[in-house]
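Here is the structure we will look at, set down as structure tokens.
The values are calculated or read from the model by the stated rules, or taken from the named source; none is laboratory data. All figures in this text were calculated on a predicted structure; none of them were measured in a lab. For accessibility, only protein heavy atoms count, side chains too; no ligands or nucleic acids. Shrake-Rupley method; radii C 1.70, N 1.55, O 1.52, S 1.80 Å.
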Amino acid sequence: QVQVVESGGDLVQPGGSLRLSCSASGSIFSIGTMGWYRQAPGKERELVATITNGGSTKYAASVKGRFTISRDNAKNTVYLQMNSLKPEDTAVYYCNVYKFVTPYWGQGTQVTVSS
């Protein structure tokens, strides 16, 4: 089993920045791709960004150029630096960690962008 815990969500004004963190623990041998997803009220969960253990990244078109995903393999931690935040970025952000072909999810952290 892999435990996944997110942190860093907050209320921020439009144009502001936040940094989310996600740590994996437990049976962390052979962890692969880590990523962030988000779900806004009334909408389906969507991919925000992913990063492989080799450092290859993928971003949703809506966040490209504003968000940056990174990871520290020694700490089994993935980060999401979010800049130039918009009200439409408001959502619960979930961390996802793959161990072989099994995905593990965190409980989510709330990001609210509002003036």
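Summary table below
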| quantity | calculated |
| --- | --- |
| Apportionment of accessible area to carbon and sulfur, the chain, percent (1.4 Å) | 49 |
| Within straight-line cross-link reach of Lys64, lysines at Cα separation under 23 Å, skipping those fewer than 8 residues along the same chain | Lys43, Lys86 |
| Potential extension, Gln107-Phe29 segment - 0.36 nm per residue separation minus Cα distance | 25.9 nm |
| Candidate lysines for bridging to Lys99, where Cα separation is under 22 Å - those fewer than 8 sequence places away on the same chain excluded | Lys58, Lys75 |
| Most mobile listed residue (Val12, Val97, Val78) in the chain, GNM with C-alpha springs under 10 Å | Val12 |
| The chain: most fluctuating residue of Ile69, Ile51, Ile28 per GNM, C-alpha cutoff 10 Å | Ile28 |
| Inter-part distance where the range 91-115 and the range 1-55 are each reduced to a Cα centre, Å | 4 |
| Cα coordinate range in the chain, projected on the principal axes (Å, largest first) | 43, 25, 22 |
